[in-house]
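The values are calculated or read from the model by the stated rules, or taken from the named source; none is laboratory data. Computed from a prediction, not measured in an experiment: that's the story for all the values here. Glycine gets a Cβ as well: all are built from the backbone with ideal geometry, and neighbour counts include every protein chain shown. These area figures cover heavy atoms from the full protein model, side chains too; ligands, DNA and RNA do not enter into them. Shrake-Rupley method; radii C 1.70, N 1.55, O 1.52, S 1.80 Å.
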Amino acid sequence: MGPAPVSLPAMALPRQSEDFPAWYQEVVKQADMAEPSLARGTMVIKPYGWAIWEVIQRAIDDRIKATGHQNYYFPMFIPAHLLEKEKEHVEGFAPEVAVVTHAGGEKLEEPLVVRPTSETIIWHTYAKWIQSYRDLPLLYNQWANIVRWELRPRLFLRTTEFLWQEGHTAHETAEEAIHEARKVLHEVYLDAVERVLAMPVRAGRKSPSERFAGAEETYTMEALMRDRKALQAGTSHYLGQNFAKAYGVKFLGRDGQEHFAYATSWGVSTRLIGGVIMTHGDDKGLRLPPALAPIQVVVVPIYRAEDEKALVLEAAAKIAAELTPLRVHVDDRAEFRPGYKFNEWELKGVPVRIELGPRDLDAGQVTLARRDVEGKQACPVPEVTARITALMDEVQDSLFRQAVEFRDAHTFRANDYGELAKLVDDPGGFVVGGWCGDAECEAKVKADTKATIRYLPLDPEPAEGDCLVCGRRATEEAAWAVAY
RNA sequence: CGGGACGUGGCGCAGUUUGGUAGCGCGCAGCGUUCGGGACGCUGAGGUCGCGGGUUCAAAUCCCGCCGUCCCGACCA
């Protein structure tokens, strides 16, 4: 639970450095983003959390469309037998699948699986949609909820039901599909996450053991949280012909021959919200980058007597109006004093605060406070719009830079196994070093240290050193970390 | 799903050892004074003590069973 001093109001947060999980839970709760719901592992996303998700959705969706994809929607129930056609896929997902066995007051003839992901039903359907190379590529995406039974849920990071988008594309050639998977990783995910969420990520490939069940190659973007644990922020898969073969998706090619289609799938989820919290948050609570913040600027009016109140509120309304189209909120609640409001908006991560009181009015200025750095500054009223507009970019850049510096300061090179084991634990972070490609070496690291390979180079270069684990020739460099 | 801890007004807790009137802080409602970094006073509302069974004149308290939450492990976006 952390210290939670009795003398302070209930809002006081545990310190990040003392109890990071408790800090995270309290931020989610006190910033009013989400709360656990009745069924184990499920959550209610509250309006403030949902507003953040809407901005994320917009950022991702715009880029999905800009890269030539269309949205559609598939049902959440999948006949159980469909799931079983792709062997690795079903084995990978079996432990976390929820199955509906009864409905309409009777036992179902065939159980229905609640989708843990939609490859099966989608590729079953694609078999009907694809006849010729002229039907390709298929570039589609859906926004959906999915269910993966979770034994140890955490709000946003790991819940039994979660929201995401899943893209499912079909292609004529392997090269084209691989290109698609990489393109989405960079032009949709990496771009949105770094530019909007200000969350720095490293793009790479997953090792075979960390691959999506049924994929030939899984591309990932990995972020580093402030407790020095890695977070898989999004994945994009090259599925080869595995699903086409399992579901009979054949087309007549340019050569007059039948071919199986090549597939990709890719997704990001509400987990990104957890990533934002743990990338930027500090001991005062959330810190949101302006591009993501539902409220970009909050105006806190300060007044004593009624006549003062009228003047201040009028000035506040005028400033707010001039800041359009920025997302501005004037906090004119009478039941709280200014100091309380400062703390509350800092907890909720609003990037810029304008304080406006009698002293400011007299001086023809407002007082500005940025969430990304300490301190306040005065700003003459005529310059407010220009200054705030500039601050949106400044705070956005500043939060991204702080996160990059933290990440880079916690990325290490290990020269031997002892260093690897030491560094992933203390201080923690990404630890890079040679790997021979053997799953046994990977498993040994996990057993010894809890760290897993988070990413491998997108385009491996000829290895120079030896495998950190077994000493044999390394085939490529791996980045290890303890992960969420 | 295994090991451990814990379930008492909305939140955080005391009370359980030794059975007997449910209590504190925060929050909430009304009124008043306040208002530049988490205000204060007065008044008030709110609890089948996780659920079910048992022991007893009497159970938050003792016994049995179940459910849930959190932490640690195996699985995961």
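Give me the residue from the range A:381-404 that is under 26 Å from the mean Cα position of the chain (by Cα) and acidic (Asp, Glu) and, out of that set, most open to solvent (accessible area, probe 1.4 Å).
Per the stated criteria, the residue is A:Asp393.
Can you pull out the residues in the range A:251-307 that are in contact with a Pro (Cβ under 7 Å, 6 or more places away or on another chain) and polar (S, T, N, Q)?
Selection gives A:Gln296 alone.
Does A:Asp425 fit the bill of being among the acidic types (Asp, Glu), within 18 Å of A:Tyr484 (Cα to Cα) and more than 22 Å from the chain's Cα centre (by Cα)? Show your work before the answer.
Numbers: among the acidic types (Asp, Glu): yes; within 18 Å of A:Tyr484 (Cα to Cα): yes; more than 22 Å from the chain's Cα centre (by Cα): yes.
So A:Asp425 fits the description; yes.
If you go through the range A:263-278 one residue at a time, do you hit one that is within 30 Å of A:Val201 (Cβ to Cβ), assigned to a loop (DSSP other than H, G, I, E, B) and either within 11 Å of RNA strand B (Cβ to nearest atom) or polar (S, T, N, Q) (or both)? Can you show your working first?
Here is the first cut: in the range A:263-278, the ones within 30 Å of A:Val201 (Cβ to Cβ) are A:263-278.
Now narrow it down to the ones that are assigned to a loop (DSSP other than H, G, I, E, B): A:270.
Add one more test, that the residue is either within 11 Å of RNA strand B (Cβ to nearest atom) or polar (S, T, N, Q) (or both), and what stays is A:270.
Checked against the condition, which is being within 30 Å of A:Val201 (Cβ to Cβ), assigned to a loop (DSSP other than H, G, I, E, B) and either within 11 Å of RNA strand B (Cβ to nearest atom) or polar (S, T, N, Q) (or both), the range A:263-278 yields at least one hit.
For the range A:194-241, give me the residue count where each residue is of a type in the set (A, V, I, L, M, F, W, C), within 12 Å of RNA strand B (Cβ to nearest atom) and not in a loop (DSSP other than H, G, I, E, B).
5
Out of all the residues in the range A:43-91, which are over 26 Å from A:Glu194 (Cβ atoms), open to solvent by less than 30 Å² (accessible area, probe 1.4 Å) and not in a helix (DSSP H, G or I)?
Here is the first cut: in the range A:43-91, the ones over 26 Å from A:Glu194 (Cβ atoms) are A:43-44, A:46-47, A:72-91.
From the residues that got through so far, the ones that are open to solvent by less than 30 Å² (accessible area, probe 1.4 Å) too are A:74, A:78, A:80, A:82-83, A:86, A:89.
Matches in the range A:43-91: A:Phe74, A:Ile78, A:Glu86.
Quick check on this structure: which one of A:Lys444, A:Lys450 is at positive phi and within 16 Å of RNA strand B (Cβ to nearest atom)? Full working, then the answer.
Values: A:Lys444 fails: at positive phi.
So the residue among A:Lys444, A:Lys450 that is at positive phi and within 16 Å of RNA strand B (Cβ to nearest atom) is A:Lys450.
Please indicate, with yes or no, whether at least one residue in the range A:184-202 is farther than 18 Å from A:Thr67 by Cα, out of contact with any Asp or Glu (no Cβ under 9 Å at 6 or more places or on another chain), crowded, with 16+ Cβ neighbours inside 10 Å and in contact (Cβ under 8 Å) with a residue 24 or more places away in the chain. So that I can check it myself, show each step before the final result.
The first filter runs over the range A:184-202 and keeps only residues farther than 18 Å from A:Thr67 by Cα, leaving A:197-202.
Now drop any that are not out of contact with any Asp or Glu (no Cβ under 9 Å at 6 or more places or on another chain), which leaves A:197, A:199.
Keeping just the survivors that are crowded, with 16+ Cβ neighbours inside 10 Å gives A:197, A:199.
Filter once more, keeping what is in contact (Cβ under 8 Å) with a residue 24 or more places away in the chain: A:197, A:199.
Checking the range A:184-202: at least one residue is farther than 18 Å from A:Thr67 by Cα, out of contact with any Asp or Glu (no Cβ under 9 Å at 6 or more places or on another chain), crowded, with 16+ Cβ neighbours inside 10 Å and in contact (Cβ under 8 Å) with a residue 24 or more places away in the chain.
Among the residues of the range A:426-447, are any in a helix (DSSP H, G or I) and under 30 Å from A:Trp345 (Cβ atoms)? Give the steps one after another, and end with the answer.
Our first condition is that a residue be in a helix (DSSP H, G or I); within the range A:426-447, this holds for A:439-447.
Retained after the next criterion (residues that are under 30 Å from A:Trp345 (Cβ atoms)): none.
No: the range A:426-447 contains no residue that is in a helix (DSSP H, G or I) and under 30 Å from A:Trp345 (Cβ atoms).
Count, please, the residues in the range A:242-262 that happen to be of a type in the set (A, V, I, L, M) and either assigned to a loop (DSSP other than H, G, I, E, B) or within 16 Å of RNA strand B (Cβ to nearest atom) (or both). Steps first, answer last, please.
As a first pass, look at the range A:242-262 and keep what is of a type in the set (A, V, I, L, M): A:244, A:246, A:249, A:252, A:261.
Then drop every residue that is not either assigned to a loop (DSSP other than H, G, I, E, B) or within 16 Å of RNA strand B (Cβ to nearest atom) (or both), which leaves A:249, A:261.
Going through the range A:242-262 one residue at a time, the tally reaches 2.
So which residues in the range A:212-228 are more than 18 Å from the chain's Cα centre (by Cα) and surrounded by fewer than 24 Cβ atoms within 10 Å (Cβ to Cβ), if there are any at all?
Initially, the range A:212-228 is screened for residues more than 18 Å from the chain's Cα centre (by Cα), giving A:213-217.
Across the range A:212-228, the qualifying residues are A:Ala213, A:Glu216, A:Glu217.
Which of the strands (runs of 3 or more DSSP E) contained wholly in the range A:313-423 include at least 2 residues that are more than 15 Å from RNA strand B (Cβ to nearest atom)? Full working, then the answer.
On the way: elements: A:328-330, A:352-356, A:365-370, A:376-380, A:411-413.
So the answer is A:328-330, A:411-413.
Would you mind finding the one in A:Leu252, A:Leu231, A:Leu286 that is outside the structural domain of A:Met199 (by TED's automatic domain parsing) and either at pLDDT 95 or above or open to solvent by less than 10 Å² (accessible area, probe 1.4 Å) (or both)?
Working: A:Leu252 fails: outside the structural domain of A:Met199 (by TED's automatic domain parsing); A:Leu231 fails: outside the structural domain of A:Met199 (by TED's automatic domain parsing).
Selected residue: A:Leu286, the only one of A:Leu252, A:Leu231, A:Leu286 that is outside the structural domain of A:Met199 (by TED's automatic domain parsing) and either at pLDDT 95 or above or open to solvent by less than 10 Å² (accessible area, probe 1.4 Å) (or both).
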